[in-house]
Amino acid sequence: MKRREMLGAAVTGAAGLAAVAAMTQAKEAIAQAPAPAAGTGTLDRIIKDKKIRVTAEVTSPPFGILDKNNQPDGSEIATARQLAKDLGVELELVQVTAPQRIPALLAGRADVAISSLSITFDRAKTVMFAPPHGALSIVIAGPKKVNIKGAADMAGKKIGLTRATLEEATVPPMAPSGAQMVFFDDIAATLQALISGQVDAAGMSAFAAKSLADRNPRAEIENKFTVRTAYYGAAVRPGDFDLLQFLRTWVFLNKHNGVFADIYKKYTEVALVDLPVM
């Protein structure tokens, strides 16, 4: 065999082995993905049943609250209602706390998680995210009398954090030695701890801090410093590619027609920032 032919055969063989390996990995990934019920995808089932189940956290203003009639409201509740409307199906809200958002989705209690779920590496290991439809800033907030201007000033102070939130993931790594992290199961408990003086300051969204300050003027709650700005999006179970593809298109269209911007402005009273493409 000539040198050129031998080289071509070697390259072809290597490419073939690579292709086989890639196909094997793909098959393994498909085999490990949850099988769609009754031979249909989740999106097909939602359209057939004319109902979509979406998580609803109602203790995190302005994303999710209970209104004066004790009914769910907030920017993420409005977003979930928009999703059901665009799909032409009924909406079933599955009320959860922050730590329950992903477990409820993975357990099959909900089809989609839309609860100001920030897009992170750790969460992306367990769920699939649609492109972001909103943004939030995590801040350290506390009474005016508490002297905190930066991360270093948290030393010797009790800092309240809500479990399974972006603040739990971002504040402890930046906290100095001597800062005591105090964890709560939901944002309502964190806010109450701050107002009652159980903690000196707390990590939360800038929106939650503003809402707390507006409702408790005597407490003189203020933002001490911004920890980071993050983006949040809808999440689905691994393997729900049909539903994920619909959500990608849904986010694209509602970003460009201004629906998301209108919802965000209505509930946060600030303009929606430019959202990154994903």
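Structural remarks
- Flag for residue 1 being among the hydrophobic types (A, V, I, L, M, F, W, C), modelled with pLDDT under 50 and surrounded by fewer than 10 Cβ atoms within 10 Å (Cβ to Cβ): yes
- Only one of the numbered conditions (1) under 21 Å from residue 151 (Cβ atoms); (2) in contact with a Ser or Thr (Cβ under 7 Å, 6 or more places away or on another chain) is violated by residue 180, and that is (2).
- You will find that of 162, 170, the residue that is buried (at least 22 other Cβ atoms within 10 Å of the Cβ) and farther than 14 Å from residue 223 by Cβ is 162 and no other.
- Among the residues making up region 38-62, those that are open to solvent by less than 10 Å² (accessible area, probe 1.4 Å) and either under 17 Å from residue 265 (Cα atoms) or among the β-branched types (Val, Ile, Thr) (or both) are 46, 52, 54, 55.
- Across region 74-90, the qualifying residues are those that are open to solvent by 40 Å² or more (accessible area, probe 1.4 Å) and in contact with a helix residue (DSSP H, G or I) (Cβ under 9 Å, 6 or more places away or on another chain), and the one among them that is nearest to residue 58 (Cα to Cα) is 90.
- Elements of type strands (runs of 3 or more DSSP E) contained in region 167-272, each with 2 or more residues being among the aromatic types (Phe, Trp, Tyr) and in contact (Cβ under 8 Å) with a residue 12 or more places away in the chain: 180-184, 221-232
- Residue among 206, 201 that alone is of a type in the set (A, V, I, L, M), in contact with a strand residue (DSSP E or B) (Cβ under 6 Å, 6 or more places away or on another chain) and crowded, with 19+ Cβ neighbours inside 10 Å: 201
- Residue check for residue 105: in contact with a strand residue (DSSP E or B) (Cβ under 7 Å, 6 or more places away or on another chain) and open to solvent by 20 Å² or more (accessible area, probe 1.4 Å): no
The values are calculated or read from the model by the stated rules, or taken from the named source; none is laboratory data. All values derive from a computational prediction rather than experimental measurement. Please note: Cβ atoms are built from the backbone with ideal geometry, for glycine as well, and neighbour counts cover all protein chains shown. Calculation scope for accessible area: heavy atoms of the full protein, side chains included, ligands and nucleic acids excluded. Shrake-Rupley method; radii C 1.70, N 1.55, O 1.52, S 1.80 Å.
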